[in-house]
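Quick notes on the structure that follows.
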Amino acid sequence: MSADLQTENSPENESDSPKPKKPPRELPQILHAKQGPLTRELLLEPGNFGLGLMPAKNKPDLVTSSVCGYCSTGCSLNIHIKDQEAVALTPTTNYPVNMGMACPKGWESLTVLKSDDRATTPLLRNESGKLQPIDWHTAATTFTTRMKAIQEKYGKESIAFLGTGQIPTEEMAFLGALTKFGMGMLHGDGNTRQCMATAVVAYKQAFGFDAPPYTYDDFEQSDVIVLVGSNLCIAHPIMWERVMRNPNSPEIIVVDPRMTETAMSATQHAAIEPKSDMALLYGIARILIEEDWVDQDYIKQHTNDFAEFSDHVQDYDLDRVSADTGLPKEQIEQIAKTIADGKRVSFWWTMGVNQSHQGVRTAQAIINLALMTGNMGKPGTGANSITGQCNAMGSRLFSNTTNLLGGYDFANAEDRKKVAEILEIDESLIPEKLGLPYHKIMEGILSKKIRGLWVICTNPAHSWINQGQARDILSRLDFLVVQDMYHTTETAKMADLVLPAAGWGEKEGTFINSERRFSVLKKVSPAPGQALADFSIFRLIADYWGCGNLFKKWTSPEAVFQMMKQLSKDQPCDFSGIEDYQAIDQSGGIQWPYPAESPNTEQQRRLFEDGKYYHADQRAKFLFEDPTDMPEKPSEKYPMLLLTGRGSASQWHTQTRTSKSAVLRKLYPKRPYIEINPMDARRLSIQPGDKVVVRSQRGRVRVKAFLTQAVKPGQVFMSMHYEATNQLTHASFDPYSKQPSYKACAVRVDAGV
Ligand code: SF4
């Protein structure tokens, strides 16, 4: 079905999508922007965006669609344009992802562009310590002069960058190529280290490539849905809506220490002791093996190392698993039986697993269950990692950080040659090894090996674990450059130089969503003041740095997309068959793989239908390890365990955007709060709404008490969106993915001041 070229009230919509409560008013046909860079001049030029429509009072002149810029769901939003300005939006009804739905963040996407604290001009810190407006020439000259001076004095590796999963894939590729091939940087990472690194490593090791196998249709096809460490209701509300559309009355098993909104709607809630999920998953595997509830054929034909795994889980008998998890034995048996009885079982995980000290092995314990029960490659099945940010998937393939552009290996000479040929650059410009991961970059700053840092569209002074230490580290830099939409982020306030960037809706490119679907972000609004698309900033820096020649083919996002297609050729993510942005738009998004030779045009596609994985022998691997103690357990001095997570569907990460919408602000508590069990509250003489003091070894914050049985006695919960939370968290990391373990640390809670 061609999704975007239909009118909102076309017959196709009526048959394929849930009916809106009130039929939409008649809208003009959705038209597409001219292809090519959507510059401000083009946007404002009459005749573009397929104009020529009759302006009518209270009707948009045209409606075009664009992918949402918050979470990885990748909802399509119809942008209503009047007098060449985006004036409203509505969720696209005939898009295979969201089917006419959007969460509050998506609905408010345009509002947050109009904020007073948008960065509208470059800012440079003057001698008296104030950020002063400057022009772009001065900004680019300062950037280049100071970064080069640091490199000359302390070596090439003394500057680094921190990128993001929030910008289009083409911009990520440009940033990664510019820094590593043009500026000679070795070290660069992104905030995707904070959310998806664990899933990446888990998949690479188990499947041979970072490949989430599912399509959202699987939410509707399963008869058993297992959610581990995922509060889908509020973290991915539209995915949860897809679960609600499932016609099979599925069993929904939620594994989570808290009674989350998702757990409340589950048919089975395994309220495990925090960080005991590996033991539970191994215990379930042991029961499945013991009862012969496994798919021996699938295991034999498509996997390796099952016998070793089978031996490993023998240690996880019911007594042990019940003691470790705090679950009754009958409940553990019931979960195993439900999985065994399921015809189409899908396993899903997100940050509760990824942000753990043993996240990779926990994710693989989930993958093992899907493999051993043959729940792979069929509708309603899969070992499915749900991504966080709107373009974390783009970052995983094209940020040029944890792998060479397109999923290649920096250390592999053939891979470097292929990439160099496609980009038409000298092979020697490509580093032969990986740069440092995020936490090592921070350590590098502390040890003075790294002295210059370029932060793009992320806010480490708020979001990095153990915030007090993170801010101390950032303050030690010789030169901190922050490129952002807003000049008021905690990190921008620390910067020596602020580069004003266009936001979502003010530039173009592609995002790849959680189910590997490409969709197009369009420019529907001019960026304020002198703010530029990140793409244009990278172009400018390349020219001032003196390496602009390397990027002569990088003329527009779509030109980069064409190179990315070539880079993807013969990789598992091959999307060489996608012609251009218009083809993506007209198809309702396109999932990879989509090779030129055999493009599969079905709208919902899953991987591994043939049971062939990406390792050389085409088999998946069982991977396992014994659980270790959590890095910081409660103690006499800090007797409670702090859990963290998303607070509401109206908040996004450090709230640099969502706090700018009055509508969204009404939907979440203004001030930070802590969820505490009433029994603990009584013991500590805490009344509902009291101010309490929460201390950890790293910090002390005052927050409001919210009494709830959603957390068990001895545990408390704080939402990640408030600055206070990371003042408490403990910096520990998964040994394989180097992802921070945000989810558990020891705290003390006291009433009053
Ligand atoms: Fe945007 Fe995610 Fe909300 Fe969809 S669910 S509207 S992609 S934030």
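FYI, it's all coordinate maths here, none of it is from the lab. This is a predicted model, so every value here is computed, not measured. Note: ideal-geometry Cβ built from the backbone for every residue, glycine included; neighbour counts use all protein chains shown.
Say a paramagnetic label sat at a point 7 Å from the Cα of Asp116, along Cα to Cβ; which residues of segment 649-692 have their backbone N under 19 Å from it? Residues passing the 19 Å test: 656-666.
Separation of segment 382-410 from segment 218-236 is 22 Å, based on Cα centroids.
The ranking of Arg700, Arg517, Arg606 by Cβ neighbour count inside 10 Å, starting from the fewest, reads Arg700, Arg606, Arg517. For segment 544-584, applying the loop criterion from DSSP together with a ceiling of 12 other beta carbons within 10 Å to the trypsin sites (Lys or Arg not before Pro) yields Lys552. Applying a DSSP loop filter and a limit of 13 other Cβ atoms within 10 Å to the chymotrypsin sites (Phe, Trp or Tyr not before Pro) in segment 667-749 leaves nothing.
For the pair segment 489-548 / segment 669-745, the C-alpha centres are spaced 34 Å from each other. Only helical runs count toward this figure. For the chain, summing -39,500 (n - 2.57) over DSSP H runs of n ≥ 4 and dividing by all residues gives -8000 deg cm²/dmol at 222 nm.
Could you work out the relative contact order of segment 550-683? I mean the mean sequence separation of Cα pairs under 8 Å and 6+ apart, divided by the number of residues, in percent. Averaging sequence separation for qualifying contacts and normalising by length gives 10 percent for segment 550-683. Extending 7 Å from the Cα toward the beta-carbon at both Lys130 and Glu636 defines two label points whose distance is 5.4 nm.
Annotation for segment 418-452 versus segment 112-181: alpha-carbon center distance of 17 Å. Considering only beta bridges that DSSP places wholly inside the chain, some 50 percent are antiparallel.
DSSP assigns beta bridges within segment 640-751; of those with both partners inside it, close to 65 percent run antiparallel.
Each label point was placed 7 Å from the Cα along the Cα-to-Cβ direction; for Ala149 and Thr628 their separation is 4.3 nm. Ranking Ser732, Val749, His721 by Cα position along the charge dipole of segment 640-751, where only Lys, Arg, Asp and Glu carry charges on their C-beta atoms, puts His721 farthest toward the positive end.
Label reach from Asp543 (point 7 Å along Cα→C-beta): in segment 141-156, amide nitrogens under 16 Å belong to 141-144.
Per-residue extension of 0.36 nm, minus the Cα-Cα distance of Gln530 and Ala413, leaves a gain of 37.9 nm for this segment. Relative to a virtual label point 7 Å from the Cα of Asp297 in the Cα→beta-carbon direction, which members of segment 601-627 show backbone nitrogen distances below 16 Å? Correct set: 609-612. With an 8 Å Cα cut-off and a minimum separation of 6 or more residues, compute the relative contact order for segment 287-411 in percent. Averaging sequence separation for qualifying contacts and normalising by length gives 25 percent for segment 287-411.
With a threshold of 31 Å on the Cα-Cα distance, the over-threshold entries among Lys440/Lys633; Lys343/Lys522; Lys114/Lys565; Lys275/Lys522; Lys156/Lys553 are Lys343/Lys522; Lys114/Lys565; Lys275/Lys522. The value of relative contact order for segment 54-208, using C-alpha pairs under 8 Å at least six residues apart, is 12 percent. Sorting Arg471, Arg245 by the number of Cβ atoms found within 10 Å of their own Cβ, with the fewest placed first, yields Arg245, Arg471. Fully extending the segment from Lys329 to Leu434 would add 33.3 nm, taking 0.36 nm per residue of separation and subtracting the current Cα-Cα distance.
Taken about its Cα centre, the chain carries a charge dipole of roughly 2820 debye when the Cβ of each Lys and Arg holds +1 and the Cβ of each Asp and Glu holds -1.
Taking max minus min of the alpha-carbon positions on each principal axis, the chain gives extents of 69, 61, 58 Å, largest first.
For trypsin sites (Lys or Arg not before Pro), the sites in segment 332-377 that DSSP calls loop and that have at most 15 other Cβ atoms within 10 Å are Lys343. Selection among Pro379, Gln364, Thr111 by position relative to the dipole of the chain gives Thr111 as farthest towards the positive end (Cβ unit charges, Cα centre).
Extension gain, Ala662 to Lys343: 0.36 nm times the residue separation minus the Cα-Cα distance gives 110.3 nm.
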